[in-house]
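What follows draws every value from the coordinates through simple rules; no lab data is involved. Note that the coordinates shown come from a computational prediction; the quantities given were computed from them, not determined experimentally. As a convention, Cβ positions derive from the backbone with ideal geometry for all residues, glycine included, and neighbour counts pool all protein chains shown.
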């Protein structure tokens, strides 16, 4: 038996999403300045971002999306146990693990569109850019040929706020999935015992 039930974990995750929605809507800078965001960003070499310095249309949309997600997930816990535990979260948990694990890896391994003059994906975000060699010019370098003219969508995901969010979500949903498998097995065992007892009672009659 797990120390914390899967329903408690899911309820905490829903409340966490609702709390994030409130801060993204009112004061997103409070999230970007969290110690956990700073520590993970420094450890993984993720760059900072100023996109969450003040409330903006993007942070408001993110807040509303998290609020809807948190409330929708919370409502599913009021369904019968077999429905939310086996049929709904039994498929949702591994799906979300895959999604957030992929997003974490993508944010970490994606290369900035600044080209060769930008920081390497494995270098510290405050490290100075690598200078061009005297034998090559920016016009003839491979980065100037293949790098796009402006920022791409991956640049918006390559920051410590997004990476921390995706990484924590990955760990949380993995915890949910492991606990869910254990409780689902216990649920089916109880259901089987109840069925055998009711069948034995009918045979006695």
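Using 0.36 nm per residue, how much length does the chain from residue 71 to residue 39 gain when fully extended, once their Cα-Cα distance is taken away?
Values: separation 32, 0.36 × 32 = 11.52 nm, distance 2.96 nm.
Extra length available between residue 71 and residue 39 comes to 8.6 nm.
Sort 100, 38 so the one with the fewest other Cβ atoms within 10 Å of its own Cβ comes first. List each step's numbers first, then the result.
Numbers: 100 20, 38 14.
Ordered by Cβ neighbours within 10 Å, fewest first: 38, 100.
Using alpha-carbon pairs under 8 Å, 6+ residues apart, how would you state the relative contact order of segment 1-99 in percent?
Relative contact order here is 36 percent.
Please state the shape class of segment 30-85: rounded when a/c is under 1.5, otherwise prolate if a/b exceeds b/c and oblate if not, all from the C-alpha gyration tensor.
oblate
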